[in-house]
Amino acid sequence: MTNIRTLRIDPKYVPELKRGYSLILKDATQHKEPLEEGEIIRLVDQHNRYIGTGYYGLQNKGIGWILTTKEHEQIDQSFFNKKIKIALSHREEFFHNGETTAFRIFNGEGDGIGGLTIDYFDGYYMASWYSEGIYSFKEYIYNALNEFVDYKAIYEKKRFDTKGQYVDQDDFVMGTAGDFPIIVKENGMNFAINLNDGAMTGIFLDQRDVRRAIRDRYAKGTNMLNTFSYTGAFSVAAALGGARKTTSVDLAKRSLAKTIEQFSVNGIDFEAQDIKVMDVFHYFKYAIRHELKFDLVVLDPPSFARTKKMTFSTAKDYPKLLADAIAITEKNGIIVASTNNASFGMKKFKSFIEQAFKETNTKYKMIDQYGLPKDFRANRDFPEFNYLKVVFIKKLS
Ligand code: SAH
């Protein structure tokens, strides 16, 4: 272990790391010498006391992740085998549930290796790599998958260009290439998935519980509006739950064909639904002009969005977005407010909700809330890892 580089952690950052925050922030060390992506590093405090061993890999605000706090544990094939095996054992019930065939089998730091997630789609595995550093360990991970699972094929997403964006490529790694789209199931709903068509697959798995709640408890008889609808997954859930009609609004041109596809694989007549390729903020104005009102409104914006005319940041603009939604929601209607912004927690999010209803002079009640589903294992003490916040709000006046 003599040639492992030791980094001293600034005292300010030691307590969090000891509490289980495994991301090594850029400002947490003062190292001068250049480090190599994938290099194993040993972290100590100001008294040279051991904190943990991790790897170097630039990712957003971090320079790497702690992998173990056992000083003599080796980061080798058996280390990665152990992590994958334990992660799989936590998803046992998912593998045995025929109603849901798409779920996350490895969730980064929550499963002990920050910077890597692995999703399962009906026999296909998709690994997402968030730094060049973690990608340098890929053989270990693929060896582990070879050892512990039967797969049709493995695909990978590299998400580590300079801005943490997806690197465009052929994402096939090994196995027998899939004939996409494939249809996966989620609580009995169907979703068309493509693992070799850019950064996105067609569905965000972390909203599974919310889709089920919408279908089973909130959709019946409603006129539903789904903003930032992407492939319309929430609209599908609402339609299957008995919504009278759904309206899906997304700016991206591809969303039209993708939404038609998701309706179609569920046997829903897409022509009876509205699908608008349009800026949500324009749609709000359009709805007001045409006096449209909805019983169920879903708000699930990206954390940041930039159009030609404006930028939207959830941390800043969520109250305004909610105010727009409140204006077109029926009395006793439900607003589903969702955000995946990792920079704030549930408490702050609820303060945005309070603010919006106060400013619009509207009475409301929060009636339900959701976070990450079980397969998205995460250290729930830190909003950065426990990022998903969804609140169902009833508009009372
Ligand atoms: N709610 C979706 C996921 C949303 S992803 C789901 O659960 O599947 C964010 C989406 O917002 C993207 O599809 C993007 O095209 C869209 N988007 C970003 N800015 C927008 C805007 N100003 N108006 C409409 N759609 C927007």
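The values are calculated or read from the model by the stated rules, or taken from the named source; none is laboratory data. This is a predicted model, so every value here is computed, not measured. As a convention, Cβ positions derive from the backbone with ideal geometry for all residues, glycine included, and neighbour counts pool all protein chains shown. Ligands, DNA and RNA are excluded from the accessible area calculation, which covers all protein heavy atoms including side chains. Shrake-Rupley method; radii C 1.70, N 1.55, O 1.52, S 1.80 Å.
The set of residues in the stretch 348-360 being more than 25 Å from residue 211 (Cβ to Cβ) and open to solvent by 80 Å² or more (accessible area, probe 1.4 Å) consists of 354, 358, 359.
Report the residue count in the stretch 335-356 for those that are in a helix (DSSP H, G or I) and of a type in the set (Gly, Ala, Ser).
Total satisfying the criteria: 2.
Listed by first and then second residue, the pairs linking a residue in the stretch 28-44 that is more than 10 Å from residue 7 (Cβ to Cβ) and open to solvent by 30 Å² or more (accessible area, probe 1.4 Å) to a residue that is at pLDDT below 95 and hydrophobic (A, V, I, L, M, F, W, C), with Cβ atoms under 6 Å apart and 6 or more places separating them unless they lie on different chains, are 40/4.
Given the residues 69, 53, which is the only one that is touching a residue at least 40 places away in the same chain (Cβ under 8 Å) and touching a Ser or Thr at 6+ places or on another chain (Cβ under 9 Å)?
On the way: 69 fails: touching a residue at least 40 places away in the same chain (Cβ under 8 Å).
On inspection, the qualifying residue turns out to be 53.
Within the bounds of the stretch 188-210, is there any residue that is hydroxyl-bearing (Ser, Thr, Tyr), assigned to a loop (DSSP other than H, G, I, E, B) and within 15 Å of the ligand (Cβ to nearest atom)? Yes, the stretch 188-210 contains a residue that is hydroxyl-bearing (Ser, Thr, Tyr), assigned to a loop (DSSP other than H, G, I, E, B) and within 15 Å of the ligand (Cβ to nearest atom).
Residue by residue, here is whether (1) at pLDDT 95 or above; (2) over 21 Å from the mean Cα position of the chain (by Cα); (3) buried (at least 22 other Cβ atoms within 10 Å of the Cβ); (4) more than 29 Å from residue 389 (Cα to Cα) holds:
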| position | (1), (2), (3), (4) |
| --- | --- |
| 113 | yes, no, yes, no |
| 120 | yes, no, yes, no |
| 127 | yes, no, yes, no |
| 138 | yes, yes, no, yes |
| 155 | yes, no, yes, no |
| 164 | no, no, no, no |
| 180 | yes, yes, no, yes |
| 184 | yes, no, yes, no |
| 203 | yes, no, yes, no |
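In the stretch 282-326, which residues are surrounded by fewer than 20 Cβ atoms within 10 Å (Cβ to Cβ), within 11 Å of the ligand (Cβ to nearest atom) and part of a helix (DSSP H, G or I)? Once the filter is applied, which keeps residues that are surrounded by fewer than 20 Cβ atoms within 10 Å (Cβ to Cβ), within 11 Å of the ligand (Cβ to nearest atom) and part of a helix (DSSP H, G or I), the stretch 282-326 yields 282, 317.
For the stretch 230-249, the set of residues classified as surrounded by 21 or more Cβ atoms within 10 Å (Cβ to Cβ), farther than 12 Å from residue 298 by Cα and out of contact with any Asp or Glu (no Cβ under 7 Å at 6 or more places or on another chain) consists of 231, 236, 239, 240, 243, listed by residue number. Only one of the listed residues (257, 272) is within 15 Å of the ligand (Cβ to nearest atom), surrounded by fewer than 18 Cβ atoms within 10 Å (Cβ to Cβ), at negative phi and without any contact (Cβ under 8 Å) to a residue 60 or more places away in the chain. That residue is 257.
Take the conditions away from the ligand (no atom under 14 Å from the Cβ), surrounded by 15 or more Cβ atoms within 10 Å (Cβ to Cβ) and not in a helix (DSSP H, G or I) and apply them to residue 385. Does it pass? Can you show your working first?
Details: away from the ligand (no atom under 14 Å from the Cβ): yes; surrounded by 15 or more Cβ atoms within 10 Å (Cβ to Cβ): yes; not in a helix (DSSP H, G or I): yes.
Yes; evaluated as a whole, the condition is true for this residue.
Against the criterion of being on the phi > 0 side of the Ramachandran plot and not in a helix (DSSP H, G or I), residue 332 qualifies.
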